[in-house]
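Trainee: Would you mind keeping the following structure in view while I ask a few things?
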Amino acid sequence: MMIERIRREHGYMVRLLALLRHKLNMLKSERQVNYGILRELVDYLTNHAEKVHHPKEDILYRYYIEHYGHHHEIDNLELEHTSLSEKSHAFLDVVDMVLQDAVIPQDMFIEQLESFLDAQKKHLETEEKHIFPYLIDKFTVKDWQAVEERWSVCEDDPVFGSTIAEQYQQLAERVHQTERECT
């Protein structure tokens with residue numbers, strides 16, 4: 001079911017945000033970080049969300065509005081996805097500048113990373129704590145079938161799926177290494 005796939009993706013995002021939070025703490029303690037992996041993290045969170053994750057959620061939100069009317073929190077989520085995308089791309093540009101040896105003051109980079117993390121976390125929490133429980137309670141089986149029919153994209157997650165995308169090789173290895181360390 002679509003909501004289960006969305007929630008699974010949220011779980012992936014939470015894991016990646018934890019890795020980013022760890023990198024933030026390393027930067028704050030003036031330790032070195034691998035900016036290549038940091039870039040892969042931000043790129044995945046930005047581009048996968050934009051191309052696969054948010055379009056699925058937007059189907060749910062549009063369907064709700066079409067069939068149940070307006071809801072103060074749901075009405076703004078599609079716009080929030082656009083805003084989050086813009087902020088994410090702006091931060092990704094900063095990471096790229098660092099990788100191209102541009103001089104970015106460390107405190108400014110830390111502040112922007114923190115802002116990126118906070119925006120991502122806030123968005124996920126809003127959906128998980130308020131929106132999804134509401135939709136699960138409101139939608140009927142017929143509603144879930146209807147939204148499912150609106151999604152026709154074949155998905156294989158480029159980091160957590162069976163085929164790892166070339167641009168996320170380091171990130172996938174880091175995720176799997178972290179999993180091994182936690183078991």
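Trainee: Once Lys and Arg get +1 and Asp and Glu get -1 on their Cβ, which of His81, Val147, Pro133 lies farthest toward the positive end of the dipole of the chain?
Mentor: Looking along the dipole axis, the top candidate is Pro133.
Trainee: Using DSSP to call loops (not H, G, I, E or B), can you name the trypsin sites (Lys or Arg not before Pro) in region 80-183 whose Cβ has at most 12 other Cβ atoms within 10 angstrom? Don't jump to the answer; show the numbers that get you there.
Mentor: On the way: sites: Lys87, Lys121, Lys122, Lys129, Lys138, Lys142, Arg150, Arg174, Arg180; in loops: Arg150.
The qualifying sites: there are none.
Trainee: Full-extension gain between Arg15 and Ile110, please, as 0.36 nm times their residue separation minus the C-alpha to C-alpha distance.
Mentor: Working: separation 95, 0.36 × 95 = 34.20 nm, distance 1.95 nm.
In short, 32.2 nm is gained.
Trainee: Sticking with this one: Give me the dipole magnitude in Debye, nearest 20, for region 108-180 about the Cα centre, with unit charges on the beta carbon: positive for Lys and Arg, negative for Asp and Glu.
Mentor: For this selection, approximately 160 debye.
Trainee: Could you list the residues of region 1-34 with an amide nitrogen less than 17 Å from a label point located 7 Å from the Cα of Glu128 in the Cα-to-C-beta direction?
Mentor: The answer is 3-22, whose backbone nitrogens lie closer than 17 Å to the label point.
Trainee: Once you wrap a convex hull around the alpha carbon atoms of the chain, what is its projected area averaged over all directions, in nm²?
Mentor: On the way: hull surface 45.8 nm².
Averaged projected hull area, Cα only: 11.5 nm².
Trainee: Which one, His71, Asn25, His123, is farthest towards the positive end of the dipole of the chain when Lys and Arg carry +1 and Asp and Glu -1 on their Cβ?
Mentor: Asn25
Trainee: Once the Cβ-Cβ distance between Val33 and Arg5 is put in as r, and R0 is 41 Å, what FRET efficiency do you end up with, to the nearest 0.05?
Mentor: Values: r = 31 Å, r/R0 = 0.76.
According to the calculation, E is roughly 0.85.
Trainee: Based on Cβ point charges of +1 for Lys and Arg and -1 for Asp and Glu, what charge dipole magnitude is obtained for region 2-182 about its Cα centre, in debye rounded to the nearest 20?
Mentor: On the way: 21 positive and 35 negative charges, 92 e Å.
Magnitude of the dipole: close to 440 debye.
Trainee: Suppose the chain between Leu99 and Gln145 were pulled fully straight at 0.36 nm per residue; how much longer would it get relative to their current alpha carbon spacing? Mind dumping the intermediate values first?
Mentor: Values: separation 46, 0.36 × 46 = 16.56 nm, distance 4.50 nm.
12.1 nm is the gain from fully extending Leu99 to Gln145.
Trainee: Relative to the first principal axis of the alpha-carbon coordinates of the chain, what is the inclination of helix 106-126, with its axis defined by its Cα atoms, in degrees from 0 to 90 and to the nearest 10?
Mentor: 20 degrees
Trainee: Dipole size in debye (nearest 20) for region 8-61 around its Cα centre, Lys and Arg Cβ +1, Asp and Glu Cβ -1? Don't jump to the answer; show the numbers that get you there.
Mentor: On the way: 9 positive and 7 negative charges, 57 e Å.
That gives a dipole near 280 debye.
Values quoted throughout were computed directly from the atomic coordinates according to the rules given, and no laboratory measurement underlies them. Just so we're clear, the structure is a prediction, and the values are computed from it rather than from any experiment. In this analysis, Cβ positions are derived from the backbone assuming ideal geometry, glycine residues included, and neighbour counts consider all displayed protein chains.
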